[in-house]
Amino acid sequence: MIPFEYVRPDSISGAVSLLLEDPEGTSLIAGGTDILSEVKDGLKRPRRLVALDGLAELRSLDVGNGSTRLGAGLTLAELSTNPRLERGYPILTQAARSVATPQVRNVATLGGNLCQRPRCWYYRDRLFPCYKKGGSVCYGATGHNRYLAILGGGPSFMVHPSDMAPALIAVDARLEAFGPNGFRTMPLEDFFDHGQSRPLQEHVLGSGELVTAIFLPSPPPDTRSVYLKARERADHDFALASVAASITLAGGVVAKANVILGGVAPTPYRARLAEAAIVGRPVDKLDLQEAARLAVSEARPLEFNRYKVSLTANLVGQALQSLLTQLKGGTSHADRL
Ligand SMILES: Cc1cc2nc3c(=O)[nH]c(=O)nc-3n(C[C@H](O)[C@H](O)[C@H](O)COP(=O)(O)OP(=O)(O)OC[C@H]3O[C@@H](n4cnc5c(N)ncnc54)[C@H](O)[C@@H]3O)c2cc1C
């Protein structure tokens, strides 16, 4: 272990000032479930860790009243057990519960989940100077690529590991960041960066910026959503593939559909062709198999991950079927908030 300074600011402005003092040598730490592994494994050598756990601004959870605010410092355990969140946005509690183990969820935060680094073996081994460590090679492209990207890969074929990200994008979440120029917000979908311009991170935060909150619009009437995840180990594991799907009906016709894939691309992947096949169709005339096929029709699998194509298509089909079943009965999420 290398020596580093550990600082606990008492405001988000204090955190930003600390980041700006030494941007190269400073890292944020929230729950520490990812960053500490990176430090221990020699992937990161920070001179200073800035702890976010004392910041009350990041810890609030306000559900309802037109919009919901989730502080970036909320733990995944808090998200997965909040009854109002479960009623209004069950897709989020489903995704939060699918992450890791209860022990990890008790400390892992929402902000950390969205900003966590890749789990690719080559990235996690300090002996491989891969693209995501600032090198010029993605060893996974021709190496052990069983768990890597089938969609949108290159130059890195990492997959984005977050379960919360696809689920939040499926409910049209916006991300709030705070930095030297104050607050800014963006659709969460725009937060993730493919890594072409900034290979050392998977998001668009600038120097001195941190994630402060996620905002959720109220779900429109007649909306249903679901999160499904395929993994190797049933009790806790990262996604081999996941699907976050949401459908809104108007007069029996699909007015809006979000189909977001996780674990299959370097960023959460919007399956636009599947969405287009659903939107505008009467709900009783949907061709789910065709939508599932289209969701992966642009896949370019690597040598050892071809299985992910059919796995993902099946998951999309199951998710859409589940939404149709939900739409046939029960109250909408909006009415339960
Ligand atoms: C055994 C195990 C199993 C796991 N399984 C899953 C899984 O199935 N699904 C899944 O999604 N994840 C999984 N994870 C990853 C886990 O969810 C993340 O490690 C966790 O969410 C990170 O949150 P944290 O608060 O601990 O972040 P930290 O480790 O403190 O930080 C992670 C990164 O985010 C940055 N960061 C933290 N907070 C902010 C902020 N507010 N603004 C900007 N940057 C920030 C840090 O600088 C660091 O780079 C697993 C982890 C472990 C150890």
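The values are calculated or read from the model by the stated rules, or taken from the named source; none is laboratory data. What you see is a predicted model, and the numbers here were worked out from it, not measured in a lab. Neighbour counts run over all protein chains shown; Cβ positions are idealised from the backbone, glycine included.
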Picked from region 238-256 (must be buried (at least 24 other Cβ atoms within 10 Å of the Cβ) and away from the ligand (no atom under 14 Å from the Cβ)), the residue farthest from ILE150 (Cα to Cα) is ILE247
For region 185-213, the count of residues that are within 19 Å of LEU74 (Cα to Cα) and either part of a loop (DSSP other than H, G, I, E, B) or modelled with pLDDT under 95 (or both) equals 1
Matching residues in region 25-75 (more than 14 Å from LEU110 (Cα to Cα), within 10 Å of the ligand (Cβ to nearest atom) and polar (S, T, N, Q)) number 3
Filter region 72-117 for residues that are polar (S, T, N, Q) and in a helix (DSSP H, G or I); the one that is surrounded by the most Cβ atoms within 10 Å (Cβ to Cβ) is ASN113
Of the residues in region 204-237 that are within 29 Å of GLY66 (Cβ to Cβ) and surrounded by fewer than 16 Cβ atoms within 10 Å (Cβ to Cβ), the one that is nearest to the ligand (Cβ to nearest atom) is VAL204
Pairing a residue in region 66-94 that is assigned by TED's automatic domain parsing to the domain that holds ALA319 with any residue that is assigned to a helix (DSSP H, G or I) and small (Gly, Ala, Ser), where Cβ atoms lie under 6 Å and the two sit 6 or more apart in sequence or on different chains, gives none
Being more than 26 Å from LEU240 (Cα to Cα), buried (at least 16 other Cβ atoms within 10 Å of the Cβ) and out of contact with any Cys (no Cβ under 6 Å at 6 or more places or on another chain) narrows ARG59, ARG8 down to just ARG59
Selection over region 258-314 where residues are under 18 Å from the mean Cα position of the chain (by Cα), among the basic types (Lys, Arg) and part of a helix (DSSP H, G or I) yields a count of 1
(request) Kindly establish whether ALA100 is modelled with pLDDT of 95 or more and near the ligand (Cβ under 10 Å from one of its atoms). (result) yes
